[in-house]
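J.: Below: one structure in structure tokens.
The values are calculated or read from the model by the stated rules, or taken from the named source; none is laboratory data. Only a predicted model underlies this, so the values are computations on that prediction, with no experimental measurement involved. FYI the Cβ positions are ideal-geometry reconstructions off the backbone, even for glycines, and counts take in every protein chain you see.
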Amino acid sequence: MGSLEQVAPALYPPPKDFASKAHVGSLEAYRALYERARNHPEEFWAEVAEREIHWFEKWRQVFYWDPPFAQWFVGAKTNASYNCLDRHLDSARRNKAAILWEGEPGDQRILTYGELHRLVCRFANVLKARGLTRQDRVVIYMGMVPELPVAMLACARLGIVHSVVFAGFSAEALKGRIQDLGATLVVTADGGWRRGREVRLKDAADEALAECPSVREVIVLRRTGSEVNIKPGRDFWWHELDKEVGEHCPAEPVDAENPLFVLYTSGTTGRPKGILHTTGGYLVQTTATMKWVFDLREEDTYWCTADIGWVTGHSYIVYGPLSAGATVVMYEGAPDYPQWDRWWRIVEKYRVSIFYTSPTAIRAMIRQGDQWPLGHDLSSLRLLGSVGEPINPAAWEWYYRVIGKQRCPIVDTWWQTETGAILIAPMPGATPLKPGSATLPLPGIEPAIVDMEGRELGPGQEGFLVIKRPWPAMLRTLWGDPERYELQYWRRFPSTAGLYFTGDAARVDADGYYTILGRVDDVINVSGHRISTMELESALVRHPAVAEAAVVGRPDEITGQAVCAFVTLKQGHTNYAQVAEELRAWVAHEIGGFARPAEIRFVESLPKTRSGKIMRRLLREIVTRGEVSGDVSTLEDIAVIRRLSVPDED
């Protein structure tokens, strides 16, 4: 097995050449910015807002707080579509590529800012011609095609609330979201491509709409060309409506607090939870963080591999990058189609310089072997990013060494659907990096680690991550359920008013660096010892035989909970009994004997969402009840659950 000695994580200072050109080029500059934001928050955010965003009318008040309800840039008028498009058209950006799109079959399109503006204006005119107003809500159910951001920006242009429903959702999940939002229009496509197969979106939409009386009309994009049902009087082809409208459609000034979008998260009950984001504050913070976190430059080609159906795609494929004038890569399909080098082919082809993906995707690449990235020229990369869940140090080191060639800083970002924008992450020209740590809070963000009573804990102590002060991109409420919003996020610590409860466990070290340990329900209590599943998983993947690991707790009469590990092995490791014993000894050495897994199941794959997150909730149901009964609408491959329901023998 080799040495089991633990080595303290190395500290990686920003490369001198990178720092010399960065927006924030030193730790001292970061600290000065952070202190200004902490000591004079309203002045700070007013300066950021004035610098980063176009306003039709200025605000009367920067910030209004009636806990737990916030308003930012009160009385100001702006428009997200105008900021993402129109304001770039009087400069060289007019003919700059806004979107470099590649379909899974290999087709491609390049949309300049001028062309994207034209398409958005035309579709906004389509919406107006259908009689839509700000009182309407639009659900968008499409794959990763350029018309998806076109539809979003067209809605924003008119001040109409949109809700993007991930194309991997089932008809049942789509129905629940349409019903909760009371949508009057659905925008969809005949289908999309995933691993060489057509995903038939219109069929799923038809099934959902059978029980959605609020929907008056459906607009259908022709993507795959397959035959679909068109219901007369309700369904209309996008390309036919487009022929009937002009290209001039001014962006309508809307209030800074005008709702921009609702994005739904799933839960164990399947009950939709609609996160509401408004326009002004959200746009200010997503635009600013593009520069703070990604050090965006005019010449960059930026690729976030997320799906726009998730908040990462909203904030860091559409609104943040386009507002900042970036060139954005969009890819329709799977990373392993037709083989595992598809992403690296795209990086090489489009000379991607900033690459932002999930730890799950990184671990999947590790499992397939280094030959795939090593077969391509990745020299264009200058910055790497991680999003979606904590990245364990072993995956961080591989990402840094194999993909970044030990020259690209890694921005490990922490944020949520609810936060709207990144809150904790390195500024790559300023922040020394610690593998596995999200590092330091961004300017204007005041996190803390607290105990169950809301008392602040010191360095090294694990507790609940909270945010002590409101921020511009924060959610405003839950759609139609302000009481649930208040209970879920703001009343966790009754004795301490004004603390936002993130639901994540974390710790902060003596340097002020935050390490996120996963969701609070991803903590296992074994004989009184609270163990983070992220720490257990990090220990397991440090073993040379392990590609991926997911850990959950199951009830135990003696210890309260026992550790159950689901493990995928790298190629060539087939002696399961031997590896299982090695892993138990490894975890006991790395963390302690109390953390030794009671059960190890070797599996071919783990249940994941299409965005790459491991669905530990489903694993927890398997080990506690032997079956899955909760919401599986986000699951990429339902067959994975069937295979996992019967444990492998060691």
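J.: Can you pull out every residue in region 392-423 that is buried (at least 21 other Cβ atoms within 10 Å of the Cβ), within 20 Å of the chain's Cα centre (by Cα) and in a loop (DSSP other than H, G, I, E, B)?
T.: Correct list: 392, 409, 413, 415, 418, 419, 420, 421, 422, 423.
J.: May I ask you to say which residue of 557, 581 is farther than 28 Å from residue 387 by Cα, over 31 Å from the mean Cα position of the chain (by Cα), at pLDDT 85 or above and not hydrophobic (A, V, I, L, M, F, W, C)?
T.: None of the others qualify; the one that does is 581.
J.: Looking at 470, 426 in this structure, which one is buried (at least 23 other Cβ atoms within 10 Å of the Cβ), more than 29 Å from residue 553 (Cβ to Cβ) and in contact with a strand residue (DSSP E or B) (Cβ under 6 Å, 6 or more places away or on another chain)?
T.: Answer to the selection: 426.
J.: Would you pick out the residues in region 584-607 that are aliphatic (A, V, I, L, M), assigned to a loop (DSSP other than H, G, I, E, B) and free of Cβ contacts under 8 Å to residues at least 60 places away in the same chain?
T.: 598, 603, 606
J.: Same structure, new question: Would you mind finding the one in 601, 616, 625 that is farther than 28 Å from residue 386 by Cα and not polar (S, T, N, Q)?
T.: 625
J.: Mind counting the residues in region 453-467 that are assigned to a loop (DSSP other than H, G, I, E, B) and under 16 Å from residue 490 (Cα atoms)?
T.: The number of residues fulfilling the criteria is 3.
J.: Just to be sure, is residue 224 touching a Ser or Thr at 6+ places or on another chain (Cβ under 7 Å) and of a type outside the set (Gly, Ala, Ser)?
T.: So residue 224 fails the test.
J.: I'd like the residue in region 512-528 that is in a loop (DSSP other than H, G, I, E, B) and touching a residue at least 60 places away in the same chain (Cβ under 8 Å) and, out of all such residues, is nearest to residue 620 (Cα to Cα).
T.: The extreme case among them is 527.
J.: Here's another thing I want to ask about it. Surrounded by fewer than 16 Cβ atoms within 10 Å (Cβ to Cβ) and not assigned by TED's automatic domain parsing to the domain that holds residue 413: does that describe residue 455?
T.: So residue 455 does not fit the description; no.
J.: Restricting the search to region 450-483, which residues are within 23 Å of the chain's Cα centre (by Cα) and of a type in the set (A, V, I, L, M)?
T.: Selection gives 465, 466, 467, 473, 474, 475, 478.
J.: Right, here's the next one. Report, ordered by the first and then the second residue, all pairs with beta carbons closer than 8 Å, sequence separation of six or more or different chains, a first member in region 363-379 that is aromatic (Phe, Trp, Tyr), and a second member that is crowded, with 16+ Cβ neighbours inside 10 Å.
T.: Sorted first by the residue in region 363-379, then by its partner, the pairs are 372/340; 372/341; 372/344; 372/365.
J.: Oh, and also: When you look at residue 65, is it in the same structural domain as residue 418 (by TED's automatic domain parsing), crowded, with 18+ Cβ neighbours inside 10 Å and either in contact (Cβ under 8 Å) with a residue 40 or more places away in the chain or over 26 Å from the mean Cα position of the chain (by Cα) (or both), yes or no?
T.: When the stated conditions are applied, residue 65 does not pass them.
J.: If we scan region 327-337, do we find a residue that is of a type in the set (S, T, N, Q), at pLDDT 95 or above and either in contact with a helix residue (DSSP H, G or I) (Cβ under 7 Å, 6 or more places away or on another chain) or surrounded by fewer than 24 Cβ atoms within 10 Å (Cβ to Cβ) (or both)?
T.: Within region 327-337, none of the residues are of a type in the set (S, T, N, Q), at pLDDT 95 or above and either in contact with a helix residue (DSSP H, G or I) (Cβ under 7 Å, 6 or more places away or on another chain) or surrounded by fewer than 24 Cβ atoms within 10 Å (Cβ to Cβ) (or both).
J.: Further question on the same structure: Could you look through region 476-532, keep only residues that are among the small types (Gly, Ala, Ser) and more than 30 Å from residue 562 (Cα to Cα), and pick out the one that is modelled with the lowest pLDDT?
T.: Ranking the candidates gives 495 first.
J.: Out of all the residues in region 184-224, which are under 17 Å from residue 168 (Cα atoms), among the charged types (D, E, K, R) and touching a residue at least 40 places away in the same chain (Cβ under 8 Å)?
T.: 194, 195, 223 - these are the residues of region 184-224 that are under 17 Å from residue 168 (Cα atoms), among the charged types (D, E, K, R) and touching a residue at least 40 places away in the same chain (Cβ under 8 Å).
J.: Another question, if that's okay. Go through (1) in contact with a strand residue (DSSP E or B) (Cβ under 6 Å, 6 or more places away or on another chain); (2) without any contact (Cβ under 8 Å) to a residue 40 or more places away in the chain; (3) not charged (D, E, K, R) one by one and return the number of the condition residue 238 breaks.
T.: With (1) in contact with a strand residue (DSSP E or B) (Cβ under 6 Å, 6 or more places away or on another chain); (2) without any contact (Cβ under 8 Å) to a residue 40 or more places away in the chain; (3) not charged (D, E, K, R) applied to residue 238, the lone miss is (2).
J.: Restricting attention to region 491-507, which residues are on the phi < 0 side of the Ramachandran plot and in a strand (DSSP E or B)?
T.: The answer is 500, 501, 502, 504, 505, 506, 507.
J.: Here is a follow-up. Can you go through 462, 446 and tell me which one is of a type in the set (Asp, Glu) and over 30 Å from residue 19 (Cα atoms)?
T.: When all the criteria are applied, what remains is 462.
J.: Here is a follow-up. Can you find a residue that is among the hydroxyl-bearing types (Ser, Thr, Tyr), in the same structural domain as residue 415 (by TED's automatic domain parsing), touching a Lys or Arg at 6+ places or on another chain (Cβ under 8 Å) and over 26 Å from residue 420 (Cα atoms) anywhere in region 353-374?
T.: No, that holds for no residue.
J.: Something else: Taking the conditions exactly as written (part of a helix (DSSP H, G or I) and modelled with pLDDT of 95 or more), does residue 109 satisfy them or not?
T.: No; evaluated as a whole, the condition is false for this residue.
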